[in-house]
1. When the Cα atoms of the range 1-95 are enclosed in a convex hull and the volume is divided per residue, what value in Å³ results?
2. Can you put TYR184, TYR299, TYR11 in order, fewest other beta carbons within 10 Å first?
3. Looking at ILE623, THR280, ALA53, which one has the Cα that reaches farthest to the positive end of the dipole of the chain (charges on Cβ: Lys, Arg +1; Asp, Glu -1)?
4. Cα centroid distance between the range 281-310 and the range 233-266, in Å?
5. Using only the alpha-carbon atoms, how far is helix 419-434 inclined from the longest principal axis of the chain? Give it as 0 to 90 degrees, nearest 10.
6. Rounding to the nearest 10 and keeping the result within 0 to 90°, find how far the Cα-based axis of helix 74-86 lies from the longest principal axis of the chain.
7. When all C-alpha to C-alpha distances in the range 33-190 are sorted into bins of 5 Å, what percent of pairs does each bin hold, rounded to whole numbers?
8. What distance in nm separates the two pseudo spin-label positions at LYS323 and ASN190, each 7 Å out from Cα along the beta-carbon direction?
Amino acid sequence: MGDKSLLFTPYQIGCLELKNRMIVTAMHTGFSIDQEAAFLKVRAKGGAAAVTATMGVSNSGAQFNMCVLNEEILPGLTDMANSVHDAGGKLFIQLFHAGRNGNTGFLADSKASPVAPSPIPSPIYRETPKELTVDEINDIIKDFGKAAEVCKRAGVDAVEISCSAGYLLSEFLSELSNVRQDKYGGTPANRRRFPLEVIKMVRESVGNEYPVILRVSGSDMLGGYGIEQTVELVKEAEKYIDAVNVTGGWHESKIPQISMHVPEGGFAFLAREVKKAVKTPVIACNRINNRNIAEDILYYGYSDFVGCARAFLIDSEFGNKIKEGKRHRKCIGCNGCIERVLKGENVICTFNPSVGFEANLEQPLPKKSEKVLVVGGGAAGMQAALEYAKLGCKVRLCSNEASLGGLMKYAASIPYKEAINNNILAMEEELAEAGVEIVLNTFVDGNYINEYNPDITIVAVGSKPTIPPIPGIDQKHVYTAQEVLDGDQDLINRLATGNVLIIGGGAVGLETAIYLIKNNRIDIQSKEFLSQYTDSKTYNGLQYASNITIAEMTSKMGSDLKSTRWITMSELKRYNIQLLVDTKVEKILDNKVTVSKADETFDISADFVVLATGYQSEGKELIKWLDENEHKYKIIGDAKKVGTIRSALSDAYSVKLETES
């Protein structure tokens, strides 16, 4: 990186020196304190200067199994601090109160209900919160102070005050969630009063020589407050704090926050606006998941530190790997982590099946000398080969394809999912480093197994597209989504010349439609040109309807997309893609498809048909042979049950967990 490199230089937060500029910012995990300690320790060992745990300041403000900062937690918190210090890092604790984004029955106090500045429900949970009285506000201020004092006594290196993401303190800042008319509402200054009183109390509780960080949303991104109001808050708070951590908007914002649709470092501009106004060190975060973007943010003065929470979630060795120039697994922005947390479940990661099992990583592995044959080079096969190699086994991985990756290669073609390509390559490097033998373009049958003579065969042959028994489905103008996503630009251009019907409105069908739109280069370039040089009325008049229709048998499109569904549905609407639910395809003809919907049957113009009708497991013949010949084997991933990348990797990782149990 030359003179531009700042990422691995030390920097101060108050009296605390950090060895580099990478901070694992707070993530809600749902872990016990012991699990959390192990989770943070491996990330400190992985190169982070500091790691952060989120803990509630009271039983009524802590949600989803979150630890509460009281006297009872002091021994465990002390052990956590010592553990992180032993790994070469510093420990921060985020002081948290859920506010209206708490949930009755999921708070540490089972009898408590969510509270807020005003009785306005959270759009996420839709439960009307109790409006806080002034006395209750004063009690919460004291709770923050007591919690900070517990952290200091435990040897925690710094505390961070949560005033972001739609939780309690930030709720007071927004005129959409705070309609009070007393001293805590009604004007911007009054809406800042409660957060500022909390910040002052925390400072008084820990003294002047202890680092205090303030975490803020640059804007709620709902229209309640913007960066100007955030800057005013930080300027008033500056005399009490040693750093400010600037994130994006609230969870309920209709602007994506950490999903794949957000550009890398996409909210760093908010940190820069705060940095212009204060002398306090600034931390930028959200979608900072590679070294180049992190270095740019630091070099161009957007911030002094970078928050790399999900970069370390997916790859606990992120810091060490980028320092050594190694490829790392990269966050794909699928939101699988946050959607589980918002449901009260423990955090997971699609590409890191070891999340939650970090304590196992600290244990010496029971060495084995088995000869292992892994059949299948997709997600499950690659991860299983890696786990067996870590156990000391001699591992050969065979694929009948010319490259590794399996169905991940097709997923990586979908817009916004390009990071999957990186992860295939990162897994290949991990396999090479672990000493796994890779054999491509090889079909494994009984003869091959007899010749290699493994102690165990891992069947990870994946799945193939399901072809439904629809009359006319074997015609030349019918393709599978997998064939479309294979990257043949000539095919994409042909599909752009006529009407396309996609059968299947799950994630694959919807994302294939977006893939076709975005890869029709002529169309996209024309629309970009028009959008720049014509007024909106002219531009809207020149646009034409999409040539793509999606037919889905069920009543809901994209039900398997979960928390990112709304983003995909908005994009489909923007591209004028026609969506038909409760629609069954009856037959496929030369240039049309007959469908039925309720009691009506009608034809849809379709010069091309794309099948996104699911997948079915492969490997039945191989499994039958293994059974008949009494060979030891294990079936994993899609070969066992069709699922997702996450389920395939977790299934493969279970090989290690079973060995250790």
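Nothing in this text is a laboratory measurement; each read-out follows from the coordinates by a stated rule. Just so you know, these numbers come straight off a predicted model, no measurement behind them. Glycine gets a Cβ as well: all are built from the backbone with ideal geometry, and neighbour counts include every protein chain shown.
1. Values: hull volume 10.1 nm³, N = 95.
Taking only Cα atoms, the range 1-95 has a hull volume of 106 Å³ per residue.
2. The most exposed by this proxy come first: TYR299, TYR11, TYR184.
3. The residue sitting most towards the positive pole is THR280.
4. Between the Cα centre of the range 281-310 and that of the range 233-266, the gap is 12 Å.
5. It is inclined by approximately 90 degrees.
6. 70
7. Going out from 0 Å in 5 Å bins, the range 33-190 shows 2, 10, 18, 20, 17, 13, 10, 7, 3, 1, 0 percent.
8. Label-label distance for LYS323 and ASN190, simple model: 5.2 nm.
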